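For reference, the structure is listed below as structure tokens.
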Amino acid sequence: MTAAKAPPGFDFRAEMTRVLPHLRAFARGLCGRPDYADDLVQEAMLKAWAARESFQPGTSMRSWTFVILRNVYLSEARRNRFRGEYDPDAAEKLLSQPAGQEDGLHMGDLRSAMMRLSPERREALLLVGAGGFSYEEAADIAQCAVGTMKSRVARARRSLEDMLSDDGQSGFKSKTQSVSHTEILDELDRVANG
Amino acid sequence: MEAFRQIVESQLDNLLNRGSNRDMSSNPESPRGKAAERKARAKPVWAEGLRRMYDEVVEEQLPDDFAELLKKLDQTSDRS
């Protein structure tokens, strides 16, 4: 074992293994497809392992590996090996999974609604709403400003709420009002960041 | 720039929600007006669902190919 300058007692392999379930959850949320998600995680594991000497013990392994996973996801998406889009077959499989308890929410509806969000907003909601990262941590992972992360989360929430609460559990009536609202804000983002 | 954007965002919200006087759109914890009320009711349900969606995967058992990959990684480090 030549784990170089890692301090005694630091076990990179064990630390990485411990966050694998989180990587799988993040990846599945990003691409919506369990099989591709696991491929992404394994690719990220290889990259993380290759770069293990640049990991600083004491910092968050989960954040560090999420950045790597995210980059794998983005480059795969760019190469069009798959597109981070809604997949009817996968959705059907997910829909047939047992729904949640008596809380009036069908998990399949939530999953479909998540996949209808833009990738940036989906990611934001996954990190903050599902993964429990702070806005600051999430912004670091997504390599954006904290304010940008906050507004992505806020808009993702609004879109989800519109999709899930308008007409009961089944439909995804998107009101033209929210769409134009969203478009205006996206335009503002482009102006602000560009 | 961010401050400017937030001001415009909150004004847009006011406009588009037609007088349901929500102050900061990014703060879903300030339920005023009908739209906000509806959202306040909807929020906990899906927020909890989102967390469950994530946690369900976290709690899954790791597929075998992950263990195999870890074993391979060990071998590469032994050789180096």
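The values are calculated or read from the model by the stated rules, or taken from the named source; none is laboratory data. From a predicted model like this one, the values you see are computed outputs, not experimental measurements. Each accessible area value is taken on the protein alone, full model and side chains, heavy atoms only, with ligands, DNA and RNA left out. Shrake-Rupley method; radii C 1.70, N 1.55, O 1.52, S 1.80 Å.
To the nearest 10, the accessible area of residue A:118 is 40 Å² with a 1.4 Å probe. Residues of region A:31-63 that lose at least 10 Å² of accessible area (1.4 Å probe, protein heavy atoms only) when the other protein chains are present, relative to their chain alone, are A:38, A:42, A:45, A:46, A:49, A:52.
Computed with a 1.4 angstrom probe on protein heavy atoms, the B-A interface buries about 4700 square angstrom of accessible area in total.
Computed over protein heavy atoms with a 1.4 angstrom probe, the accessible surface ordering of A:150, B:72, largest first, is B:72, A:150.
Ligands, DNA and RNA aside, residue A:22 has an accessible area near 50 Å² when probed at 1.4 Å.
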